[in-house]
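Below is one structure; the comments refer to it alone.
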Amino acid sequence: MAILGKIRERSLFLIIVIALALFSFVIGDVFTKGSFGGPKNSIGEINGDNISREDFAQLVEQQKTQSGNRGNQMQYVNAAWDNLVREKIYKLQLEKSGITVGEKDVWDEILKQPFVQNSPQFKNEIGLFDEEKFKEYVATLKDAKDDDEQSRQAWFSWLEYERNIKSNLELRSYNNLITSGLGATLKEGERHYIDNNTKLDLEYVYVPYTYISDSTVTVTDDEIKAYVKKHPNDYKAEASRDISFVKFDIKATPEDELVIKNNLQKLITDSEEYNKAAKANMTVVGFANSENTEEFFRDHSSDTPLNNNYFIKSKLNQSIADTIFKLNIGEVYGPYKEDNYFKVSKLIAVSQMPDSVKARHILIPFVGSTNDPSITQTEDQAKVVADSLLTVVKNDKSKFADLAKTISSDKGSGAKGGDLDWFTYERMVPEFRDFSFENKTGDMGVVKSQYGFHIIDIQEQKNLQKTVKLATFSREITASEETENEIFQKAETFAAEISDGKDIDQLAKDQNLVVQPVVGLKAMDERVSTLNNQRQIVTWAFDKDSKVNDIKRFDIDKGYAVVKLTAKHDKGLNIGAAKSTIRMMLINEKKSKSIKEKMSGDNLQDIAKNFNVNVQSSKAVSLGSPILPGVGRAEDIISILIALQENKLYSKIDANNGVFSVKISKKESPLELDNYTSSKATVSNLQKAKGSKVFIALKKFANIEDNRALFY
């Protein structure tokens, strides 16, 4: 009690201490994580526009909704970022051009969309589009956005749709500006025609760069660095990381496989098990004697689901197909190994079926079977309609095609009188498939599927053959707990020995393991070589606390990876993989200089002697036929020569990975045309094709700061 009294006496002091501690925790988080609008609360910056974390998260959510949640988080993040970069870049260019895409522009564009104009939901009593009905629809989406998750996702989808419309308008507006300036005149068309059809008779000496051996030319690293500094825009590089890793796969051992196979074998026959409730041994019915296959699969948890399809012989595993087709109904085959499973198969039924069917149908939908808001009839109402139609077409088959055209919600087949042409067993949904393949030609009936009620008419069947229905019970081949523990310990020990200073390559070699290097990981990468998607490894490699030569073990799918951070490359000028290309380019520059110094003489014969080669010739060469003997395709040198004069020596011309000395012995211009409109159109199309590269150029020179890796 005395202690409690002292605590009460000092309660104010304790409150102050706790408050200070909490404040220091919060303020520390502010400084380390950048709250209060600091840079680390920013996803990035595009041409001076800050992108807040909250705004970007909403864009990511919209991407997720738009994709129907069919991707992964990094795909949504990257798609949202790419769209945002494109939008911001074009927005700046449009502002500079004095063009603004406003809300009315976006709204007008939305109203033009076919799904808006043609939807029955937005039409008035006389079948015309009613803008007020559409406005009401959008307002309803907005008002309901907080009602439930589905409504929230619907609103996000709408916002993303508006955003895409605006982005496309901006893109179209800017590209229209670009393409309007990339046309061509008749004079340019004339020049294009003349250049491409002028024929040249040439005499030349060609000395390829290979004339000088690479080993005789030296290019230093300093020369490469100097070249990169002169061309900074060509060698801008993101920050990157290099790693090496050793993969430890969790795989079942032969002993593990034998245990799995034996346990599966035991399930085939009946067995005795002690029942605690009954306090006596009871018979457990085995797979071979089980009368209720579905119940057996549920009770014993097969690792693959029960498949009730029929199979023709060619669709089975060919190594067991002959044996399966010789079984009697109720007999069991196995255990056998297939893919990564041990399986036992029981023959359930045998039938004669066609391999393909030709049929037609009329589809009657109901609420829930389609996304069409104009469908209001219930399932019961749709069934009544389908049964009535079946009665009509059974009495008079000639009416089937017309009814399909006017009533069927499957407009594709409906336009052809319901005709679905020939289809195989696997193509249709199970309900439709079973009716079509298990009945005979001429049969008609109604079946329900996820799409509604189908009135089906089987028109033809071909290639009747034996089919079997199998119940295949499976056990996946997985490593035992003991094997998993051994592999985990092996990975842990390997990581510890590397951390203690052992060489990763030598240690891996001693243990018959493979070291796999990964060069140039980027901050937003997700895939890590053969490890596939391993965002955790990329995040660790870019963490400010991770240092070169650090080691870490990671859990991966079905195993472990021991990873070593081998290098860090900062953002900026980076030669990287381009080093060999730059070196070769500089080598060729030096070779060109040496060749030109030796390429002296007043005529081609003297120049040829300097290199111990012959003067070559070619007749009627043009840009339309740009082949030179001993050179190959040579558009670059021919495009230079077209503008030069006859019977003059032109020497020391770099082209086609070598140096030329050339004399034009004859130049033949093409016949003049009355009209160069066709050539003008060709030039115009060539120019406009360059418009597709505009965004790449704009992005290259944009000021983009990407902080996504701090948050994702």
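The values are calculated or read from the model by the stated rules, or taken from the named source; none is laboratory data. Remember, predicted model here, so these are calculated numbers, not experimental data. Don't worry about glycine lacking a Cβ; one is built from the backbone with ideal geometry, like all the others, and counts go over all protein chains shown.
Look through the range 527-550, keep the residues that are surrounded by fewer than 18 Cβ atoms within 10 Å (Cβ to Cβ) and touching a helix residue (DSSP H, G or I) at 6+ places or on another chain (Cβ under 7 Å), and return whichever of them is farthest from GLU497 (Cα to Cα).
ARG535
Mind checking which residues of the range 587-623 are closer than 18 Å to SER665 by Cβ and part of a helix (DSSP H, G or I)?
LEU604, GLN605, ASP606, ILE607, ALA608, listed by residue number.
Yes or no, residue by residue, for (1) touching a residue at least 60 places away in the same chain (Cβ under 8 Å); (2) loosely packed, with under 14 Cβ neighbours inside 10 Å; (3) within 30 Å of LEU327 (Cα to Cα); (4) over 38 Å from the mean Cα position of the chain (by Cα):
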position	(1), (2), (3), (4)
ASN439	no, no, yes, yes
MET444	no, no, no, yes
HIS454	yes, no, no, no
ASN463	yes, yes, yes, yes
VAL468	yes, no, yes, yes
SER474	yes, no, yes, no
THR478	yes, no, yes, no
THR483	yes, no, no, no
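Condition first: among the small types (Gly, Ala, Ser) and in a strand (DSSP E or B). Now tell me which residues in the range 445-484 satisfy that.
GLY445, SER449, GLY452, ALA471, SER474
Pick from ALA561, ALA578, ALA567: which is part of a strand (DSSP E or B), touching a residue at least 24 places away in the same chain (Cβ under 8 Å) and surrounded by fewer than 18 Cβ atoms within 10 Å (Cβ to Cβ)?
ALA567
Hey, could you check the range 127-162 for residues that are of a type in the set (Asp, Glu) and assigned to a helix (DSSP H, G or I) and say which is farthest from LYS91 (Cα to Cα)?
Ranking the qualifying residues of the range 127-162, first place goes to GLU149.
May I ask you to say which residue of THR376, THR323 is assigned to a helix (DSSP H, G or I) and either over 30 Å from GLU460 (Cα atoms) or over 41 Å from the mean Cα position of the chain (by Cα) (or both)?
Numbers: THR376 fails: assigned to a helix (DSSP H, G or I).
Answer to the selection: THR323.
With respect to GLU431, is the statement that it is in a loop (DSSP other than H, G, I, E, B) and within 30 Å of LYS466 (Cβ to Cβ) true?
no
Would you tally the residues in the range 107-128 being free of Cβ contacts under 8 Å to residues at least 12 places away in the same chain, surrounded by 13 or more Cβ atoms within 10 Å (Cβ to Cβ) and either closer than 15 Å to TRP158 by Cα or hydroxyl-bearing (Ser, Thr, Tyr) (or both)?
Counting residues in the range 107-128 that are free of Cβ contacts under 8 Å to residues at least 12 places away in the same chain, surrounded by 13 or more Cβ atoms within 10 Å (Cβ to Cβ) and either closer than 15 Å to TRP158 by Cα or hydroxyl-bearing (Ser, Thr, Tyr) (or both) gives 1.
If you scan the range 488-503, which residues turn out to be closer than 15 Å to PHE248 by Cα and either outside any helix (DSSP H, G or I) or not assigned by TED's automatic domain parsing to the domain that holds VAL563 (or both)?
Hits for the range 488-503: nothing passes.
In the range 340-390, which residues are among the β-branched types (Val, Ile, Thr) and surrounded by fewer than 21 Cβ atoms within 10 Å (Cβ to Cβ)?
ILE348, VAL350, VAL367, THR370, ILE375, THR376, THR378, VAL384, VAL385
When you look at ILE165, is it touching a residue at least 40 places away in the same chain (Cβ under 8 Å), outside the structural domain of SER600 (by TED's automatic domain parsing) and either in a strand (DSSP E or B) or touching an Asp or Glu at 6+ places or on another chain (Cβ under 7 Å) (or both), yes or no? Let's see the steps before the verdict.
Values: touching a residue at least 40 places away in the same chain (Cβ under 8 Å): yes; outside the structural domain of SER600 (by TED's automatic domain parsing): yes; either in a strand (DSSP E or B) or touching an Asp or Glu at 6+ places or on another chain (Cβ under 7 Å) (or both): yes.
Criteria met by ILE165.
Restricting attention to the range 63-121, which residues are of a type in the set (Gly, Ala, Ser) and either under 19 Å from the mean Cα position of the chain (by Cα) or under 18 Å from TYR161 (Cα atoms) (or both)? Step through it out loud before you land on a result.
Here is the first cut: in the range 63-121, the residues of a type in the set (Gly, Ala, Ser) are 67-68, 71, 79-80, 97-98, 102, 119.
Passing the criteria: SER67, GLY68, GLY71, ALA79, ALA80, GLY102, SER119.
Tell me which of these PRO670 doesn't satisfy, since it passes every other one: (1) at pLDDT 90 or above; (2) crowded, with 17+ Cβ neighbours inside 10 Å; (3) farther than 19 Å from VAL207 by Cα.
Condition not satisfied by PRO670: (2).
For the range 130-139, indicate whether the set of residues that are acidic (Asp, Glu) and touching a strand residue (DSSP E or B) at 6+ places or on another chain (Cβ under 9 Å) is non-empty. Even if it seems obvious, please write down each step before you answer.
So in the range 130-139, the residues acidic (Asp, Glu) come out as 130-132, 136.
Checking which are touching a strand residue (DSSP E or B) at 6+ places or on another chain (Cβ under 9 Å) leaves us with 130.
Yes; the residues of the range 130-139 include at least one that is acidic (Asp, Glu) and touching a strand residue (DSSP E or B) at 6+ places or on another chain (Cβ under 9 Å).
Out of the residues in the range 668-712 meeting the condition of being more than 35 Å from the chain's Cα centre (by Cα) and in a loop (DSSP other than H, G, I, E, B), tell me which one is nearest to LYS544 (Cα to Cα).
Selected residue: TYR676.
Select from the range 268-326 the residues that are without any contact (Cβ under 8 Å) to a residue 40 or more places away in the chain and of a type in the set (Phe, Trp, Tyr) and list them in ascending order.
The answer is TYR274, and nothing else.
Is it fair to say LEU258 is assigned to a helix (DSSP H, G or I), touching a residue at least 12 places away in the same chain (Cβ under 8 Å) and more than 30 Å from HIS569 (Cβ to Cβ)?
The answer is no for LEU258.
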